[in-house]
1. Which one is nearest to GLU124 (Cα to Cα), of the residues in region 136-161 that are surrounded by 12 or more Cβ atoms within 10 Å (Cβ to Cβ) and among the small types (Gly, Ala, Ser)?
2. What are the residues in region 112-149 that are modelled with pLDDT of 90 or more and in a strand (DSSP E or B), if any?
3. Show the residue pairs meeting these rules: Cβ distance below 9 Å; 6+ apart or different chains; first residue within region 135-156 and under 14 Å from ARG99 (Cα atoms); second residue charged (D, E, K, R) and assigned to a helix (DSSP H, G or I).
4. Using the structure shown, decide if SER123 is at negative phi, within 31 Å of the chain's Cα centre (by Cα) and in contact (Cβ under 8 Å) with a residue 24 or more places away in the chain.
Amino acid sequence: MSDSPPPTGCDDSDNNEEQDESGSEGASDTQDNGEASSVQGGLPLSKRQMKKQQKKQWLREQRKGKRKLERERRKEKRRIARENGEDLSADAPSRKKLREQTMASSSCRIRIAVDMSFDHLMSERDLRKSLSQLNFCYATNRRCANPVQFFVTNFNGPSRK
């Protein structure tokens, strides 16, 4: 992986070879805008299409390298945090911690109830949106230090499906 820009594919040696193969440069396989009319039938790609393909390939390689570096950085951070005895759960709680921390054991005694008995009156779109909001509220509340008592009632109509 290199940090150099993507190859352009426009050096003179490529131009001469392409001109020799087709007879006249781009006469049969390009339209007015300079792009190839078709790639089927063994026609060579235009310069512009070759550049695009090379750039896509270069970007894919860059992406793989960036992901690998990011993974290594995260591993290094975790290793240093473990050595220093820091709590890694500050960013996101682990599943084990979420299982241990329940709403019933919370010191917050505020109760919130959501009644879903009117879901048969909602359109399909509204129902999807309300269920999405419920999921978000439940997940956010679950990750709080002192979650509220969260109840969903009459969750048995079309919303249950």
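1. SER159
2. If the condition is that a residue be modelled with pLDDT of 90 or more and in a strand (DSSP E or B), then ILE112, ALA113, VAL114, ASP115 are the ones that fit.
3. none
4. Judged against the criteria, SER123 is not a match.
The values are calculated or read from the model by the stated rules, or taken from the named source; none is laboratory data. Every value quoted in this text rests on a predicted model; they were computed, and no experiment measured them. Counting neighbours? That spans all protein chains shown, and the Cβs are built from the backbone with ideal geometry, glycine included.
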